[in-house]
1. Using the Karplus curve 6.51 cos²θ - 1.76 cosθ + 1.60 with θ = phi - 60°, work out ³J(HN,Hα) for each residue of region 268-277 in order, rounded to whole Hz, and write x for Gly and Pro.
2. Provide the FRET efficiency to the nearest 0.05 for the residue 346-residue 153 pair, computing r from the beta carbons and using R0 = 30 Å.
3. Separation between the residue 423 and residue 32 pseudo-spin-labels, each 7 Å from Cα along Cα→Cβ, expressed in nm?
4. Put 359, 404 in order of accessible area, largest first, 1.4 Å probe: what do you get?
5. Summarise the accessible area of region 216-344 (1.4 Å probe, protein heavy atoms) by the percent that is carbon and sulfur.
6. Is the shape of region 188-323 best called rounded, prolate or oblate, per the rule: a/c under 1.5 gives rounded, else a/b larger than b/c gives prolate, else oblate, with a ≥ b ≥ c the square roots of the Cα gyration tensor eigenvalues?
Amino acid sequence: MVEAEEKRGLSLQWQMLVGFLVGLIAGLIVYSTSQGAPWVETVTTYITQPIGQVFLRLLFMLVIPLLFSALVVGISEMGEIRSLKRVGIRTLLYTVVVSSIAVAVSLAVVNLLQPGAGVDRSAASELLAAQGERAGAIIQTGAEQPSGIDAFVTIIPNNLVEVMGSNSSILSVMFFALFFGIGLLLTDTPNSRKLQNGFEGLFDVTMRLILIVIKLAPIAVACFMFNLAALFGWDLLIRLSAYVGVVLLALGIQMFLVFPALLATLGKKNPLTFFRQTQEASVMAFSTASSNATLPTALRVADENLKLPRRISRFVLTIGATANQNGTAMFEGVTVLFLAQFFGVELSLWQQITVMLVCILGGIGTAGVPAGSLPVVALILAMVGIEPQAIAIVLGVDRFLDMCRTTLNVVGDLVCAQVISAAEPEDLPVKAQTA
C-alpha cells in the first residue's frame, strides 16, 4: 500500500519529463523509420492532435479568469501602501523598472543568438498549416494587429466582454484588471472588502481547476512531442539545447550583472557579501522551485543576515513573492521569441514590446504550481500568432529552468528589499532596537 501511494505520488515534474521523453523517443523513431507513412498521419490526426487540443482548450478556458483575478487581488492587497506610501510606491516602481530590464535583457539575448533559427522552414510551415484549422477555434492568428499610436490606444478596452473573448487582446484585459485593482485598493468600504474576497475566491477556484487540468499535462506533452519529433527529427534536440543555453545566459546576466549593479549603487551593499548572506534562501529556492515555499526562509534571511527593517522586508518580500517575478518574466520572454524563431514567425518591434509588457504583467498572475507559467506562455503564443501546442518543445526541460528562474525570483526580491531599505535611513534606529 505504501509503495503504491509513493508511486501514485510521483511528482508532476517527473511525470511531465517521462511524457516528454516518451513522445520524443517515439517521434524520433518514427522520423527515422517511417517518415511520411500514412499510418503516422492517421495517428496524429485522430489521436495525438485531438488530445493536445483538448488540453489547450481547457487551459485557455481558465487563463483569463486566472490572470484577471490574480492581478486584481495582487494590486488590491497592497493595502499597506496607505501606511507605507513611500515604500509601496518605490517598490512598485522598482518592480516595473527591474522587470523591464530583465525582459529587455532576455529579448536582446534571444535576438542576438537566435537559438530557434535554422530549422527547416518548409517543415515548420507544414506543421503550422496542418494545425491551423484545428487551432482556429481558440487562436485568432489571422487578426490584424494595430500599429503605431493605434496599438497604444487599443490597449484601453471599450468592451470588456468582447476583449475577454480574444486572445489577441490580453493586454486590454490586463489593463482593466490593473485599473480595477487600483480602484479596489483606493476604496475602503465593507462592500469593497466583500468584493475583494469574491475575487480571492475566484482566484482560488480557478487555481484549483488549473491544478486539475495540469495533471493532464504529461499525456498532452507526450502527444505534442510525438508530433514535433516525427516532423523535425534530431534538429529538435539541437535547437532545444540552444534554447536552454540562452535562458541560462539571460538569467545569469540578470543575476550576476544587473543585481550587483543595483546593490552597489542603490542598495549600498557589497554584492559578494549580499550573495553570501542570502545563499540559504537561494539554495531553498533552487531545491523547491517555489517562491512561496521559500518565503519564510527569505524573511528570516532578510531579518537575521541582512538586518533589514522588518516592516519593509515583510512588505517587499511578501508582495514580491507574487508580483516581482523577474526570472519568470525572462523565461516567458525567451520562450516566446525562441518559438517564434523556430517556426519562422516574424515578430515586429511592437509585437516584441507587447510580449515584454505581457510578460511583466503575466508574472503577477503566474500560478505558483508546477508548470505555472504554462497558461501564460500559451496565451502569449496565441496572441502573436504562434500555435500554443509549440510549448511542448520546452516542457521537458521546464523543471530545471523552473529551479533556476525561481532562484532569480527570490534573490531579486531580496535585492529589492535591500534597495528599498537603503533609501529609508530613518529606520536604522528601529532596526538596531529590533536586532
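1. Ordered by residue, 3J(HN,Hα) equals 6, 9, 5, x, 5, 5, 4, 5, 5, 6 Hz.
2. That pair, residue 346 with residue 153, gives E of 0.80.
3. My value for the distance between the label points is 5.7 nm.
4. Output order, biggest surface exposure first: 404, 359.
5. On region 216-344, the fraction of accessible area on carbon and sulfur atoms equals 67 percent.
6. Note, shape of region 188-323 comes out oblate.
The values are calculated or read from the model by the stated rules, or taken from the named source; none is laboratory data. Bear in mind the structure is a predicted one, so any value in this text is a computation, not a measurement. FYI the Cβ positions are ideal-geometry reconstructions off the backbone, even for glycines, and counts take in every protein chain you see. Accessible surface areas use protein heavy atoms only, side chains included; no ligands, DNA or RNA. Shrake-Rupley method; radii C 1.70, N 1.55, O 1.52, S 1.80 Å.
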